1. What is the one condition in (1) at pLDDT 85 or above; (2) in a helix (DSSP H, G or I) that F244 does not satisfy?
2. Which residue, of T58, T94, T108, is of a type in the set (S, T, Y), open to solvent by 50 Å² or more (accessible area, probe 1.4 Å) and under 24 Å from G146 (Cβ atoms)?
3. Any residue that is modelled with pLDDT of 95 or more and open to solvent by 20 Å² or more (accessible area, probe 1.4 Å) - is there at least one of those in the range 177-184?
4. Search the range 196-211 for residues being assigned to a helix (DSSP H, G or I) and not aliphatic (A, V, I, L, M), and hand back the single one that is most open to solvent (accessible area, probe 1.4 Å).
5. Inside the range 68-91, can you point out the residues that are farther than 19 Å from L148 by Cβ and buried (at least 19 other Cβ atoms within 10 Å of the Cβ)?
6. Does any residue of the range 12-24 turn out to be within 25 Å of R262 (Cα to Cα), out of contact with any strand residue (DSSP E or B) (no Cβ under 8 Å at 6 or more places or on another chain) and either without any contact (Cβ under 8 Å) to a residue 60 or more places away in the chain or part of a loop (DSSP other than H, G, I, E, B) (or both)?
7. Taking interchain pairs and intrachain pairs at least six residues apart, which have beta carbon atoms under 6 angstrom, with the first residue in the range 72-93 and closer than 14 Å to R107 by Cα and touching a residue at least 40 places away in the same chain (Cβ under 8 Å) and the second among the small types (G, A, S) and outside any loop (DSSP other than H, G, I, E, B)?
8. Looking for whichever is surrounded by fewer than 19 Cβ atoms within 10 Å (Cβ to Cβ) and part of a helix (DSSP H, G or I) here; the options are R214, R238, R230. Which one fits?
Amino acid sequence: MFPLLSTVESFHSITVDLEDWYHVCGVKLPSGIEAGGRVVEATGNILALLRRHNICATFFVLGSVAAQYPELLYKIADNGHEIASHGWSHRLVTELSHDEFMEELERTASVIEGQTGCKPVGFRAPRWSLSRLNTPWAFKILAESGYLYDSSLTPLPAIGEPNGPRYPHIIETEAVNIWEVPPIVTKTPFINLPTGGGWGFRFFPLSIIQATIRRYADRGQPAVIFVHPRELDPEGPRLNLGVFQGFATYGSRTSSEDRLQRLFSEFRFKPLGEIVKTWQPAS
Ligand SMILES: [Zn+2]
């Protein structure tokens, strides 16, 4: 059912959605909030953690943040990490027209290329707002723009692509095809649990996350974990969100670093783009 990935050694991937503390989807921000950004400090915490464990990750970068802090991408790339695209404005893909989506991709790619000398080959949509159901047109644009993979289709009940595959697969478009590499979820008889990042990564017992990664490895599949800089910045500012969204965004925030360190000692990781480039071409 899934394209066979010939993985002799199992490598997994840590991915960072590089955005500032106030980039929370669906929240109207007060004007001027950009001036109080903490992304440089928070990213410094992640870079130090990865360096201590000699791990290279993938950073899905928001173009507007890269433009605001021109030294940031240079620092990340200089540490050997992959720079991929998280769009420009953090608007959901479902809210964008075809032209607007293309413009978001182009602006971000141009900033990334200008600052690092490399074009991004990976994309992740804000809040998993890409799916074959709601935005089927977007995959063609991504593939035609030179992207090798997307990592947005998390198969969860309320976001992403609820009934989509849990493992990497090829998405066919009318033109060139593209690999889809969803973040991990933990399958249960009822629903998939969001153990790959965010509140689920901080909330569910670590043993469940470790067992899930081992299951992916047993199938020769990469386990993709995601984290945000604000999750490694426990003293950082917080938006005044409702109870549920507040918990989803900030709850148990201090445990992300401990959990990542435990995973670093058990599993091996490399940038997602490096893993995808070892697979058969999608087209
Ligand atoms: Zn985001």
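1. Failed condition: (1).
2. T94
3. Yes, there is a match, as at least one residue in the range 177-184 is modelled with pLDDT of 95 or more and open to solvent by 20 Å² or more (accessible area, probe 1.4 Å).
4. So, considering only residues that are assigned to a helix (DSSP H, G or I) and not aliphatic (A, V, I, L, M), the one most open to solvent (accessible area, probe 1.4 Å) is F203.
5. Within the range 68-91, L72, L73, I76, W88, H90 qualify.
6. Taking every residue of the range 12-24 in turn, at least one turns out to be within 25 Å of R262 (Cα to Cα), out of contact with any strand residue (DSSP E or B) (no Cβ under 8 Å at 6 or more places or on another chain) and either without any contact (Cβ under 8 Å) to a residue 60 or more places away in the chain or part of a loop (DSSP other than H, G, I, E, B) (or both).
7. From residues that are closer than 14 Å to R107 by Cα and touching a residue at least 40 places away in the same chain (Cβ under 8 Å), the pairs are A84/G122.
8. Of R214, R238, R230, the one residue that is surrounded by fewer than 19 Cβ atoms within 10 Å (Cβ to Cβ) and part of a helix (DSSP H, G or I) is R214.
The values are calculated or read from the model by the stated rules, or taken from the named source; none is laboratory data. All of these numbers come straight from a predicted model, not from anything done at the bench. Note that we place each Cβ from the backbone using ideal geometry, even for glycine, and neighbour counts take in every protein chain shown. Accessible surface areas use protein heavy atoms only, side chains included; no ligands, DNA or RNA. Shrake-Rupley method; radii C 1.70, N 1.55, O 1.52, S 1.80 Å.
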